[in-house]
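Each remark here refers to the structure printed beneath this line.
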Amino acid sequence: MFSHCLTFKRRVFMKKTTFKVTYFIRKDKSYINGEVPITIRITLNGERVEFIGKHNVDPTLWNQATNRAIGKSTAAKSLNSYLDHVYIKLCDSMRDLEERGVEVTAANIRDNYLGIISYKQVTLFSAYDEHNEKMKALIGKGYTYATLERHYTTRTHLQNFVRLKYNKDDIPLERVDNVFVTDFEFFLRSEKNIGNNTTVKYLRNLGKVLRIAFDAGHIKKNPLSTVRLHIEDIDRPFLDEIELQTLFNKTFVVQRLEQIKDAFLFCCFTGLVFIDAKNLTQEHLFTTSSGKIWIKIQRQKTKKWSHIPLLPQAKAILDKYEKHPIRKQGFLLPFPTNQKMNAYLKEIAELCGISKNLTTHCARHTFATTVTLANHVSMESVSKMLGHSSILMTKIYARILDKSVEREMDELENILKFDTDN
């Protein structure tokens, strides 16, 4: 009996593996034209499976000794070429299973060759859901819920894209290739009208899941590994001195707006991000020997420490809520969710005649720019208060205000004493 046989050592388990492909005819299943089907048998380490090939043969042209077609006719050459092609493709099927981390069995080799998915296949959303579940278990242990929420949002956009593009609820992870990534990016920009930087963040989230899948052997390559995702510099809004004073002097009759205004201003005068300001408790305050009150808090996002002397404006806001019910819960100020706060801030901006897009992060930029750097506070001190690991991060917040330029030019004017009358 003619057969293809291959003996090799698999790198993972380092044990000898015998792989053999044999062909034989089934004379008991003759067709009307007298031809009989060719059965292909795969044997792997003693396990064997069979399937019927796509070619038939006249029994008189079949050599029982070699299990090959006899002669040099076109039909014989075509059949023998087909048998060689089957062997090569079965070898490719076996290697493909190995590269994807799928168990290599005779049945899986056959089914992979035939395009039948009989083994457990890793899909895009099964991989993403596994990632999210693991991240959820690590909330507070290296991850924040806000980061997890961004992955939830990425998954939702992916789900909408897959339904639109493929009319399916899920696809095999292997189908996530360069074309998929390019089409998904176009979907975010065109269908969802999402800006460049947010689109890049969603793609990076997907890239993380694909990197994990690649390391686990579920995909042959990560299509995002060679893609350069460029974040564009954006003009981050902040309140100037007049706008900050306007907001500080504004009193709202509606308690909801008054509380949001105070929470926002507190961030403007401390530089705290939303989640850290919301979680602020009495334990984060300490008084120095000179009587100065400081905030000492470890940032939830980066775990870096922020040491912030409390300005009178910020202390006044804390004192205002000394008897608020939120204090019984241990927190110093009443904060809604970040989403609600940003929505209310738009309402506040309109009522105050401020055309800028107020967000919780706008307050942090206001502290870095208008409150501190514009008033001669050094970059190093601002960096420490913001909890940055590098002063380069602080420079992102730094703005050269017209006020600062005018002040420095006035100083220069006093130094340059040239006689302008001549």
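The values are calculated or read from the model by the stated rules, or taken from the named source; none is laboratory data. Note that the structure is a prediction, hence the values are computed from the model and not measured. We place every Cβ from the backbone using ideal geometry, glycine too, and count neighbours over all the protein chains shown. These accessible areas exclude ligands, DNA and RNA; they are computed on the full protein's heavy atoms, side chains included. Shrake-Rupley method; radii C 1.70, N 1.55, O 1.52, S 1.80 Å.
Among the numbered conditions (1) part of a strand (DSSP E or B); (2) open to solvent by less than 60 Å² (accessible area, probe 1.4 Å); (3) not basic (Lys, Arg), tell me where Glu50 comes up short. Answer for Glu50: the failing condition is (2). Looking at Ala65, Ala76, just one residue is more than 20 Å from Ile109 (Cα to Cα), among the aliphatic types (A, V, I, L, M) and open to solvent by less than 60 Å² (accessible area, probe 1.4 Å), and that residue is Ala76. So, in region 354-376, exactly how many residues are on the phi < 0 side of the Ramachandran plot, open to solvent by 50 Å² or more (accessible area, probe 1.4 Å) and out of contact with any helix residue (DSSP H, G or I) (no Cβ under 8 Å at 6 or more places or on another chain)? Looking only at that region, the number is 1.
Checked against (1) at pLDDT 90 or above; (2) surrounded by 15 or more Cβ atoms within 10 Å (Cβ to Cβ), Asn108 passes all but condition (1). Within the option set Lys320, Lys315, Lys278, being in contact with an Asp or Glu (Cβ under 8 Å, 6 or more places away or on another chain) and either open to solvent by 30 Å² or more (accessible area, probe 1.4 Å) or small (Gly, Ala, Ser) (or both) holds for one residue only, Lys320. Filtering region 175-190 to residues that are in contact (Cβ under 8 Å) with a residue 24 or more places away in the chain and either of a type in the set (S, T, N, Q) or open to solvent by 80 Å² or more (accessible area, probe 1.4 Å) (or both) leaves Arg175, Asn178. The strands (runs of 3 or more DSSP E) falling completely within region 256-370 that include 2 or more residues that are touching a residue at least 12 places away in the same chain (Cβ under 8 Å) and more than 24 Å from Arg236 (Cβ to Cβ) map to 293-298.
Residue-wise test of (1) touching a residue at least 60 places away in the same chain (Cβ under 8 Å); (2) within 14 Å of the chain's Cα centre (by Cα); (3) over 19 Å from Leu206 (Cα atoms); (4) open to solvent by 60 Å² or more (accessible area, probe 1.4 Å).
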residue	(1), (2), (3), (4)
Leu61	no, no, yes, yes
His85	no, no, yes, yes
Ser93	no, no, yes, no
Glu98	yes, no, yes, yes
Ala127	yes, yes, no, no
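Within region 137-148, residues that are touching a residue at least 12 places away in the same chain (Cβ under 8 Å) sit with their Cβ atoms under 9 Å from residues that are part of a helix (DSSP H, G or I) and open to solvent by 50 Å² or more (accessible area, probe 1.4 Å), at 6+ positions apart or across chains, in these pairs: Thr144/Ile275; Ala146/Ile275; Ala146/Asn338; Leu148/Lys136.
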